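Down below is the structure, laid out as structure tokens.
The values are calculated or read from the model by the stated rules, or taken from the named source; none is laboratory data. In this text, all values refer to a predicted model and were calculated from it rather than measured experimentally. Ideal geometry is used to build each Cβ from the backbone, glycine not excepted, and the neighbour counts take in all protein chains shown.
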Amino acid sequence: MGSRELNATATPTIPENPNRLPQQLRTASYCALAVVFVAVYFGSLFSPALLDDADSTHAEAAREMFVSGDYVTLHVNGVRYLEKAPLPYWLVAMCYHVFGVNEFAARLPMALSVMLLGVLAVIWAGRAFGERAGIYAGVFVYTSAGVFLFTRVFIPDVLLSLLIAASLYFFLTALETPANAWRWYAGYACMALGVLTKGLIALAFPAGAAFLYIAITGEWHRWREFRIVPGTALFLLIAAPWHILAGLRNTGGQGGHGFFWFYFVNEHFLRFIGKRYPRDYNKLPWALYWSLHLVWLFPWSFYLPAAVRTAIDARRAGEHAASRPSDFAGRTRLLCWLLAGLVLVFFAISTNQEYYTFPAYFPLLMLLADGLAQSEVRDCDTGVRSGWLRISAGTLALIGVGASATLLTLLWQSRHLPFEPDIGTVLAKHNMATDTLSTSHMLDLSYASFAALRLPAALAAAALMVFPALSFVLRIRRLHYAATWALAAGMALFLVAAHIALGRFGPYLSSKDLAREIAARAGPNDRVMIYGDQAFGSSLLFYLQRPIDLVEGRTTSMWFGSTFPDAPKIYLSAADLQRDWEGTGRIFLFVPPHLKAKVDALLPNKFVVAEISGKYVYSNRP
């Protein structure tokens with residue numbers, strides 16, 4: 001393949017445009033990229049059921065928007081839900097109009113966001129680093145563990161990441177091609193849409209990264225090209241109307257506070273300093289916070305040495321923070337390091353959950369794709385073996401063998417255990433009331449649960465055993481392109497196995513089956529209740545599509561909306577429940593596992609309607 005020759009004895013340089021792929025291989029690569037996306041993300045549009053907590057709560061907010069026609073104020077269970085920006089819910093409501101109210105429609109916008117994030121990675125990395133790096137960046141997006149894990153629920157972070165990355169791409173290409181003024185306006189529009197997706201961080205991150213970039217590169221002298229006045233006008237034209245309308249329509253909450261205080265002060269400033277009320281977010285220990293990114297970007301995070309080597313070589317070639325990058329590749333590297341660093345440091349200081357740093361994944365994966373592609377080209381063109389490529393591949397092979405051996409051992413030892421249709425009965429239990437980490441359910445895996453996970457565990461074991469080892473062998477033989485794709489294929493199979501496993505957890509993580517039991521018995525005048533926080537059984541709202549009373553549930557996301565005078569009368573005390581339980585009307589009460597003992601003591605006379613994964617539905621009538 002043709003690329004400029006590298007002098008192994010001279011100062012290291014970076015090929016500006018690594019090997020263009022032959023047409024047949026290029027076509028096959030893009031087809032393979034599409035197959036990976038479809039295999040990993042398309043099937044997950046239909047299953048499993050929407051999960052309790054954020055997943056179904058957000059889908060329900062979009063459903064109530066769709067039903068009511070109110071596209072300004074979000075509602076959940078008829079209560080104002082003011083902490084979220086509206087764009088993700090607008091998109092899902094549009095999908096409800098087209099496809100009906102179902103899981104597919106609720107998940108489609110976020111799946112399309114993943115697809116577009118991969119497309120942007122291909123375009124940007126391909127333009128900056130060459131075709132090989134572009135293809136790698138796309139496949140890294142589609143096969144990274146964190147991108148998959150944090151798009152299993154309806155949260156807006158992948159859409160936020162897409163809009164932040166797109167705004168910076170337009171910023172950088174506008175500097176590259178000053179005549180194309182439309183790129184500036186596209187960047188301002190993407191930032192505005194980002195603000196409508198997840199608040200002011202969508203302005204802070206791209207604006208902060210761009211500010212640091214122009215401060216380092218000395219591009220201030222071009223400030224007239226930035227279209228600051230018309231760009232700001234466009235930004236406000238897109239972002240401001242919803243905020244103004246939401247503020248005007250939502251006044252008179254707790255202590256006279258309305259939308260503006262709750263959304264900007266409580267949900268932005270107080271959340272950042274850890275004073276947000278009510279407190280339902282944790283802060284990861286710093287060592288865990290930083291090290292977990294090896295997991296979220298797995299397996300490509302193990303090629304970080306290649307990205308660091310590329311950064312060092314770029315520094316030696318003059319592309320470093322103390323000088324002006326000489327080409328689009330150097331400018332892209334600098335901007336990616338700045339964005340990733342800004343996001344990671346910001347959330348290291350702030351309160352955080354695992355997925356908050358999602359906007360850093362894209363620039364880090366771009367840098368990893370660049371580093372891997374450059375290292376592969378260097379290894380082939382110079383004849384000098386790249387030790388780090390083989391060390392990284394060998395480490396991944398060892399991790400794969402170890403993880404596969406563990407899975408196979410657990411499967412072998414559980415071979416005589418009966419298959420349990422309800423996996424929730426054989427899982428360990430933790431306190432859902434106090435554990436607010438989004439990935440805490442991983443702690444519930446028990447020895448007996450592997451009897452219910454035989455197929456996905458076997459697929460995962462095969463993927464981890466075979467493909468990293470195959471990739472390592474191909475690296476040894478300098479078949480680097482094949483080695484990278486072998487690892488990507490193995491990771492895609494692993495993620496398919498993870499999706500199958502998630503389906504097995506459906507009854508434990510969702511209350512859809514209990515909603516079906518209630519729907520089969522409840523009449524229009526019967527009442528449905530949840531004991532405790534609505535999040536424990538929020539999927540009941542989506543699947544029953546009816547108001548649900550909350551007993552001792554004026555908490556977390558349901559608190560502020562409940563303080564408005566027009567809030568529905570759905571909040572009950574334990575005494576209210578006891579009174580109504582003895583009345584003439586029929587009641588169906590959802591009880592989460594950790595509150596069962598309390599409810600049993602409170603209601604001695606009851607009938608069990610259904611029980612799944614430790615979650616009960618009681619009734620006061622047979």
Consider region 497-527. How many of its residues are of a type in the set (Val, Ile, Thr) and surrounded by fewer than 20 Cβ atoms within 10 Å (Cβ to Cβ)? 1
In this structure, is Val599 hydrophobic (A, V, I, L, M, F, W, C), buried (at least 18 other Cβ atoms within 10 Å of the Cβ) and either at positive phi or modelled with pLDDT of 90 or more (or both)? yes
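Residue check: is Phe211 buried (at least 20 other Cβ atoms within 10 Å of the Cβ), of a type in the set (A, V, I, L, M, F, W, C) and assigned to a helix (DSSP H, G or I)?
no
So, in region 469-523, of the ones that are in contact (Cβ under 8 Å) with a residue 12 or more places away in the chain and part of a loop (DSSP other than H, G, I, E, B), which residue ends up farthest from Ala32 (Cα to Cα)? Before you say what the answer is, go through the steps one by one.
Of all residues in region 469-523, those in contact (Cβ under 8 Å) with a residue 12 or more places away in the chain come to 469-472, 474-476, 478, 480-481, 483-519, 521-523.
Checking which are part of a loop (DSSP other than H, G, I, E, B) leaves us with 478, 505, 510-511, 521-523.
Values: Arg478: 21, Phe505: 30, Ser510: 33, Ser511: 37, Arg521: 48, Ala522: 49, Gly523: 51 Å.
Looking at residues that are in contact (Cβ under 8 Å) with a residue 12 or more places away in the chain and part of a loop (DSSP other than H, G, I, E, B), I get Gly523.
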Mind listing just one residue for me: the one in region 547-577 that is on the phi < 0 side of the Ramachandran plot and among the polar types (S, T, N, Q) and, of those, surrounded by the fewest Cβ atoms within 10 Å (Cβ to Cβ)? Ser573
For region 124-165, which residues satisfy the criterion of being assigned to a helix (DSSP H, G or I) and farther than 26 Å from Leu292 by Cβ? Gly126, Arg127, Ala128, Phe129, Glu131, Arg132, Gly134, Ile135
Out of curiosity, is Ala204 out of contact with any Leu (no Cβ under 6 Å at 6 or more places or on another chain), in a helix (DSSP H, G or I), over 25 Å from Asp55 (Cβ atoms) and among the aliphatic types (A, V, I, L, M)? yes
Taking the condition of being hydroxyl-bearing (Ser, Thr, Tyr) and outside any helix (DSSP H, G or I), how many residues in region 533-549 meet it? 1
Does Ile530 satisfy the condition of being surrounded by 16 or more Cβ atoms within 10 Å (Cβ to Cβ) and part of a helix (DSSP H, G or I)? no
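This table checks each residue for (1) surrounded by 23 or more Cβ atoms within 10 Å (Cβ to Cβ); (2) touching a Phe, Trp or Tyr at 6+ places or on another chain (Cβ under 7 Å); (3) within 24 Å of Leu368 (Cβ to Cβ).
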| residue | (1), (2), (3) |
| --- | --- |
| Val153 | no, no, no |
| Leu159 | yes, no, yes |
| Ile164 | yes, yes, yes |
| Ser167 | yes, no, yes |
| Arg183 | no, yes, no |
| Ala186 | no, yes, no |
| Gly194 | yes, no, yes |
| Gly199 | no, no, no |
| Ala204 | no, no, no |
Looking for whichever is assigned by TED's automatic domain parsing to the domain that holds Val141, touching a Pro at 6+ places or on another chain (Cβ under 8 Å) and either within 20 Å of Thr556 (Cα to Cα) or touching a residue at least 60 places away in the same chain (Cβ under 8 Å) (or both) here; the options are Trp261, Trp242. Which one fits? Trp242
So for region 105-117 (the condition being among the small types (Gly, Ala, Ser) and more than 18 Å from the chain's Cα centre (by Cα)), does at least one residue qualify? no
Can you pull out the residues in region 265-291 that are of a type outside the set (D, E, K, R), out of contact with any helix residue (DSSP H, G or I) (no Cβ under 9 Å at 6 or more places or on another chain) and part of a helix (DSSP H, G or I)? Val265, Phe269, Leu270, Ala287, Leu288, Ser291
Regarding region 288-303, can at least one residue be identified that is surrounded by 13 or more Cβ atoms within 10 Å (Cβ to Cβ) and either touching a strand residue (DSSP E or B) at 6+ places or on another chain (Cβ under 7 Å) or basic (Lys, Arg) (or both)? no
Which of the residues spanning region 206-227 are among the hydrophobic types (A, V, I, L, M, F, W, C), more than 17 Å from Ala165 (Cβ to Cβ) and in contact with a Phe, Trp or Tyr (Cβ under 9 Å, 6 or more places away or on another chain)? Ile214, Phe226
Assuming Val38 fulfils every condition listed in (1) in the same structural domain as Asn250 (by TED's automatic domain parsing); (2) part of a helix (DSSP H, G or I) apart from one, which condition is it? (1)
Flag if Leu294 is in a helix (DSSP H, G or I), within 25 Å of the chain's Cα centre (by Cα) and not small (Gly, Ala, Ser): yes
Restricting to region 239-260, count the residues that are more than 15 Å from Thr73 (Cβ to Cβ), surrounded by fewer than 18 Cβ atoms within 10 Å (Cβ to Cβ) and hydrophobic (A, V, I, L, M, F, W, C). 1
When you check Val35 against the structure, is it among the hydrophobic types (A, V, I, L, M, F, W, C) and in contact with an Asp or Glu (Cβ under 6 Å, 6 or more places away or on another chain), yes or no? no
Consider Leu175 against the criteria (1) surrounded by fewer than 23 Cβ atoms within 10 Å (Cβ to Cβ); (2) outside any helix (DSSP H, G or I); (3) touching a residue at least 60 places away in the same chain (Cβ under 8 Å): it satisfies all of them except one. Which criterion is unmet? (2)
Restricting attention to region 575-603, which residues are among the polar types (S, T, N, Q) and assigned to a loop (DSSP other than H, G, I, E, B)? Thr584
